[in-house]
C-alpha cells in the first residue's frame, strides 16, 4: 500500500474505529486526499423535453477516471446555501452539482419533486456515468431536498449505474411527514421553504453574462412559476373542503388540502421496494422528517450490511452536529465519526471496493436522551405498554385547565373538557422544530409549561427508576364534540422535579379526518396501519375528502392520534405527561373549513372502563 499522508491516516483510523475492528488488509482503507478543479456552468440538456439544467463539476486532479457523486438541489449550486461538498473531490471523487429544473440557474418550471424532475434525476444519473472524468460508477449525496431526490432518482428505471446513496434528513411521505400536520397546514415550515426556493430562483443565473439568452428565458420561467405553482398550491390548500365549491377551472390543484396523487407522487416511501442500492440514512429526533426516517429504513428491501440508520439529537439544519467528538461516543465506547468521514467510508466501500469495515457499523444507531448514543435495535419491537388517562389529580403541580392522571390501570369513568383556542403554541419546541431549527425561542424550547395553561394534562407519578421510551407512539382517545370538527395536538413531555415540562415529541389530528385504515402493514407503512400487540402503534389516516366525516354532537368517537417516534430515558424522580391542546401556532394552521367547523368548540375526553383513553408506547415497564 502506498504511503498515506497524515490526513489520510487519520481518516483510516476513523474508519477502523467506526467499525470497531482493526485488521490487516491488502486493500486501501480510505481514499487519499488530492487537489481538484471546478468547471462551472456546464449545461446538461434533458432528452425528455430539451430543458437545460445548469451544473458545476468538480474534477480531481489525479486518480480519474473515478466514481462520480451526483447532488441535486433547488437552493442554487453555488452561493450561501450551495450543497457542493468539496470533501468528495478532495478525496478522489468527481462531483456534479445540479440545480433542479425551475430553480437556481436551470430552465424549466419547478413543481417540487414532480414527474419531470424525477425523470431528470434518472437522466442525470446516466449522464454522470458517462462523463469523461468518470468510470461509470455513480453515488448520490445531498441533504434535505437533495436527500429526498436520492430516493426518487433510484426509484426510477435506468439507474443501475448508481451503486450507493447517503441521504441526510430525507422525507418519506410528503403529506404526513411535513406539509400537513394531521390535516392542518404545516405553516411553520412550508411558507419559509417556498420563500427560500422562490427567492433564490429570482437571482440572475450564474452564467448570465456568457449565456444571456438562456438567462432571460430562465428568469422569465422562474417568475411565471410563482403564479403557476407556488401561489395556487398554497391558496387551494388553505381552503380545505371549501375548495370543492369553486368552479372546476379555479381549482388548480384539486383537493390540495388532502393526501392524494399530488403528495403520493412525491413520497419516496411508496416506491421504497424499488431501492436496491446500499443506503445510509441520517435522521434527527427533532427533524422535520422525524416521522419518516425510521420508516424509510424499515422499508428498504436490503440486508443489514447494505442499510444503516443513524438518528441524532438534531433539528433539520443541525444534522450531524457533535459527531466526531466526545459527545458522539456510543454505549459500546466507540466514537461515531463526523458525516464527511462516514460518507467517504460508505462510498469508498460501495463505489471503490475498499475493505474499510463500514458494513460492520451498527445497523441502527440512535440518540437516547438525555445524553447517549445507542448502538442497538430501533425501535425495540417489544410489546408496547398502555398508560391510561384518568381523572385523579396528578399532584405534579401542572398549571393546566385540567390536571388528570396517567397510570397503568384503567381508572374510574370520568371526563375532561378541552375548549377551542385560536392560537396556542408559540412558546414551544414545535416552533423551533418546524422552522427547521432556525426560530430559537429560549426557554420555550425546553419547557412546555406556557402552552399547558390552555391544555388538559395527564401526568404519571414520579418514577422510582429510569423509564425508557423507544419508537412510535399512539394516542387512543374516546371523545365527544359540540362542533363538527376539532384540531387535537398531543405533546409528550418529561416533567422534572423542578416542575419544568420538557418536550419529547408530539402529534396532531384533525378529528373530522379520524378515519382509520385497519389493513395491517408489513415492512412498508403505506395505506395500512402498523400494529403491535394487536393495537395500532402507527395509525394510518387516509386524509382524503372522501374519508372526512364531521362529528355529531353527543356521539362518542374513538380516535387514534399518531405521535411521532422518539427515544428517551425519563430519569428517576421525573414524570411522564401527555398534554392535549386544540392549536399549535405557528407550527400548523387549520384550513378555512376546519376553522369554521371548530370555532367555539368544547371537546370532551372520556376515560374509564367503557371508554378507555390511553397512550400506547414502546417502553420499559415502570417500577414505582
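The calculated FRET efficiency for residue 252 paired with residue 392, based on their beta-carbon distance and R0 = 60 Å, is about 0.70.
For the range 385-619, the relative contact order comes to 35 percent (Cα pairs under 8 Å, sequence separation of at least 6). Directionally averaged projected area (the range 236-309, Cα convex hull): 6.4 nm².
Annotation: peptides 452-459, 433-440, ranked by per-residue average of other Cβ atoms within 10 Å with the highest first, follow the order 452-459, 433-440. Looking at the chain alone, DSSP beta bridges between its own residues are antiparallel in about 70 percent of cases. Sorted into 20 angstrom bins from 0, the C-alpha pair distances of the chain split as 20, 51, 26, 3 percent.
By the count of neighbouring beta-carbon atoms within 10 Å, fewest first, 350, 109, 151 end up ordered 109, 350, 151.
Spacing of the modelled spin labels on residue 602 and residue 130, each 7 Å from Cα toward Cβ, amounts to 7.1 nm.
Over the range 402-460, calculate the relative contact order: mean separation of alpha carbon pairs under 8 Å at least 6 apart, over the residue count, as a percent. All intermediate terms of the calculation are to be shown ahead of the outcome.
Details: 60 pairs, mean separation 30.4, N = 59.
The value is 51 percent.
With respect to the chain, whose longest principal axis is taken over its alpha-carbon atoms, helix 339-352 is tilted by about 60°.
Neighbour counting of Cβ atoms within 10 Å sorts the residues 171, 46, fewest neighbours leading, into 46, 171. Kindly state, to the nearest 0.05, the FRET efficiency for residue 552 paired with residue 217, given R0 = 45 Å and r defined as their beta-carbon distance. The pair residue 552/residue 217 has a calculated efficiency of 0.20.
Which shape class, rounded, prolate or oblate, goes with the range 392-500 when its Cα gyration tensor gives a ≥ b ≥ c as root eigenvalues, a/c under 1.5 marks rounded, and past that a/b bigger than b/c marks prolate? Oblate. Panel order for 44, 148, by other beta carbons found within 10 Å of each beta carbon, from fewest to most: 44, 148. I need the shape label for the range 385-619. Rule: rounded when a/c is under 1.5, else prolate if a/b > b/c, else oblate, with a, b, c from the alpha carbon gyration tensor. Judged from the Cα gyration tensor, the range 385-619 comes out rounded (a/c under 1.5).
The range 33-96 and the range 189-222 have Cα centres separated by 19 Å. Distance between the 7 Å Cα→Cβ label points at residue 273 and residue 245: 4.2 nm.
Taking the average, over residues, of other Cβ atoms within 10 Å as the packing measure, peptides 135-141, 535-541, 239-245 rank 135-141, 535-541, 239-245 from highest down.
Take every pair of alpha-carbon atoms less than 8 Å apart whose residues are at least six positions apart; their mean separation over the length of the chain yields a relative contact order of 15 percent. Each of residue 210 and residue 446 was given a label point 7 Å from its Cα along the Cα-to-Cβ line. The distance between the two points is 5.0 nm.
Throughout, read-outs are computed from the coordinates displayed, never taken from laboratory work. Note that the structure is a prediction, hence the values are computed from the model and not measured. Cβ atoms come from the backbone with ideal geometry, glycine included; neighbour counts cover every protein chain shown.
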